[in-house]
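The values are calculated or read from the model by the stated rules, or taken from the named source; none is laboratory data. Nothing here was measured: the structure is a model prediction, and the numbers come from that model.
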Amino acid sequence: MVAPTVEELEKLLRDDICGICDEAEANGKCVERDSGGCSLFQLFPLVAQTINETTSDDINVYLHAIREKVCTVCLNGPADSACAKRIEARCALDQFLPLIIDTIERSSGKAFSRSVL
């Protein structure tokens, strides 16, 4: 199986997530994406890389990797629990992490066990 490009992964996730994200308006337009403030897509290459480099059936391992490698450089705030977007449940990366992991791993041929969720 040929691994998808970052652009292909981003399109898959936009198709899966943008329509159900709380930041989308009734017409489907995303205020966060258009302003460059979407926590998932502003650093998406790093998100994809981090998930691809992580292998575990424990979601907490992925969460730790994302906090360490992505949240620490995110423009929206600090990696610690003081991140306002996470506290307000407005961080798409945090809110949809299981779906993001599943989409990326499924498309690249990795198998994430859902039995431990």
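Annotations
- Filtering the stretch 5-21 to residues that are of a type outside the set (A, V, I, L, M, F, W, C) and under 17 Å from Asp94 (Cα atoms) leaves Glu10, Arg14, Asp16, Gly19.
- One residue stands out among those in the stretch 37-65 that are part of a loop (DSSP other than H, G, I, E, B), of a type outside the set (Phe, Trp, Tyr) and over 17 Å from Ala84 (Cα atoms): the one that is modelled with the lowest pLDDT, which is Asp57.
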